[in-house]
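**Student:** Before we start, here is the structure in question, set down as structure tokens.
The values are calculated or read from the model by the stated rules, or taken from the named source; none is laboratory data. Because the structure is a prediction, the values reported are computed rather than measured. Every residue, glycine among them, receives a Cβ derived from its backbone with ideal geometry; neighbour counts consider all protein chains shown. With ligands, DNA and RNA removed, areas are computed over all heavy atoms of the protein, side chains included. Shrake-Rupley method; radii C 1.70, N 1.55, O 1.52, S 1.80 Å.
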Amino acid sequence: MAYERKEIPASEIRRQEDVCREIFDVLTSDGRRPLAMVDTYGCQQNESDSEKIRGYLALMGCSFTTDEFQADIMVVNTCAVREHAEMRVLGNVGALTHTKAKKPGQIIAVCGCMVQQEHMAEKIKKSYPIVDLVFGPHELWRFPELLKEVMTTHGRVFAADKCEGAVAEGLPKNRDGAVKAWLSIMYGCNNFCTYCVVPYVRGRERSRRPEDIAAEARELVAAGYKDITLLGQNVNSYGKDLDSGTDFSDLIRMINDIPGDFLIRFMTSHPKDATEKLFKTMAECEKCAHHIHLPVQSGSDRVLRAMNRSYDSAKYLSQVELARKYMPDLVLTTDIIVGFPGETDEEFEETISLVEKVRFDAMFTFIFSPRVGTPAYSMPDPFTREQKQVRFDRLLEVSNRISGEKHREYEGTIQRVLVDGETGREEYNLSSRTNGGRLVHLRADKSLIGQFINVKIVSSNTWALYGEPVK
């Protein structure tokens, strides 16, 4: 059955805000401001979702804490991309037994991608009785009414039924920091890579309307944010479900035209939709960072077909060449999966060969993690975890060597950076990022946080650059 785009009416969002005010009256009836904590795992999209959860909680009268023992409302926003993330979440949720024992009235909610999987929601229902509320990403917009149901019935509420998702505009947000901001432009994914659970837990691709995105971007710039990251599971397929005639490149130009001194970044791209128009737009838009995160996943064409990635290694290499033609200073990062079911030593060597050819600035590497419900979960896999670990260590060694070599090329150069925070260390007390997203540690006064400045790169290592401000 074809997916039908669904938008939540503004009246429904206003109704949720009314529920927030009802909860506010209950929570603050004793004259005390309740405390809430939102513990977030996973990707930037989860971080963006947590901003909305905190926005609702703020409307309910909550202040925020990082101490789960102090929290009246504890929300755990989960990730399902890898088994390790799920096990970590379950361990931490189990540990909340102690917080609830000390604070019996504490409400514990678990939300996000992990609980959108039926078997994980059932596991929490049976094995974690301390959890009062479970809801998937599609139900986030009605978090207030779900929380109210818990508070009024004093029972457990589960809202993670299978759903393709909708677009909900106008949700309140409570953002972390004042320099960087996440800006979701679309949700879900249509690619169905055989190893990936995201289409099953986040639903089908659905784009926000360009005028709504541009309005939010203007608000962020007016509020002083200097680094705006456009978010989507596959941002460069933006707009395909709309009748607006605006694609991702057009959207970048719209935001680039907003007056102000800020950077536009985006995460993440799929090679099948990374076009010459996109590279040309990035080169021509002065506010668009020259950085692309372009996951290749494997250098083996057979493995790429088994992954349902819709390109081969030659196509990927040609895209890299074209992108660097438009942006010679391009910073290119990627994801690679080691040990996909059936991957041979020879096919792994093809990945090493591609990495040596491209010379990525940084790589995010993972050993294959089987996800229940995906095609790859049941694929024959003759190689052991130990064999895959040997390959992973080799890839990491190559990645670190190349990253270190590329970082040394920055030494002695002048770079424009955005100072974004403190490191907590006496030496090199500030952190910053180049246009291409490279981390630069600085020795400078913290009054520079939130400013673009020029720095001279004096040293480097595999993971970071080190610089000194210059006039």
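**Student:** So which pairs qualify, if the first residue must be in the range 149-166 and outside any loop (DSSP other than H, G, I, E, B), the second must be open to solvent by 60 Å² or more (accessible area, probe 1.4 Å) and not hydroxyl-bearing (S, T, Y), the Cβ gap must be under 8 Å, and the two must be at least 6 apart or on different chains?
**Tutor:** Sorted first by the residue in the range 149-166, then by its partner, the pairs are V150/R156; M151/V26; V157/E149; F158/K125.
**Student:** Applying the selection to the range 437-467, what residues are among the small types (G, A, S) and either outside any strand (DSSP E or B) or open to solvent by 60 Å² or more (accessible area, probe 1.4 Å) (or both)?
**Tutor:** G437, A444, S447, G450, A464, listed by residue number.
**Student:** Name the residues in the range 206-219 that are in contact with a helix residue (DSSP H, G or I) (Cβ under 6 Å, 6 or more places away or on another chain) and surrounded by 22 or more Cβ atoms within 10 Å (Cβ to Cβ), would you?
**Tutor:** A217
**Student:** Among R359, R391, which is the only one that is modelled with pLDDT of 95 or more, closer than 17 Å to H293 by Cα, open to solvent by less than 70 Å² (accessible area, probe 1.4 Å) and not hydroxyl-bearing (S, T, Y)?
**Tutor:** Just a single option satisfies the conditions, and that option is R359.
**Student:** Now for a different question. Identify, please: which residue in the range 263-293 is under 18 Å from V331 (Cβ atoms) and assigned to a loop (DSSP other than H, G, I, E, B) and is, among those, most open to solvent (accessible area, probe 1.4 Å)?
**Tutor:** E286
**Student:** Right, here's the next one. Residue check: is D381 modelled with pLDDT under 95 and either surrounded by 15 or more Cβ atoms within 10 Å (Cβ to Cβ) or polar (S, T, N, Q) (or both)?
**Tutor:** So D381 fits the description; yes.
**Student:** Further, regarding this structure: Mind checking which residues of the range 420-435 are touching a residue at least 40 places away in the same chain (Cβ under 8 Å) and open to solvent by less than 30 Å² (accessible area, probe 1.4 Å)?
**Tutor:** Result: G421, T434.
**Student:** Can we say D67 is surrounded by fewer than 22 Cβ atoms within 10 Å (Cβ to Cβ) and farther than 27 Å from M267 by Cβ?
**Tutor:** Considered against the rule, which asks whether it is surrounded by fewer than 22 Cβ atoms within 10 Å (Cβ to Cβ) and farther than 27 Å from M267 by Cβ, D67 comes out as yes.
**Student:** Could you say which residue among S369, S403 is in a helix (DSSP H, G or I), open to solvent by less than 40 Å² (accessible area, probe 1.4 Å) and polar (S, T, N, Q)?
**Tutor:** So the residue among S369, S403 that is in a helix (DSSP H, G or I), open to solvent by less than 40 Å² (accessible area, probe 1.4 Å) and polar (S, T, N, Q) is S403.
**Student:** Continuing with this model, one more query. On the given criteria, is M37 open to solvent by 10 Å² or more (accessible area, probe 1.4 Å) and in contact with a Ser or Thr (Cβ under 8 Å, 6 or more places away or on another chain)?
**Tutor:** Yes.
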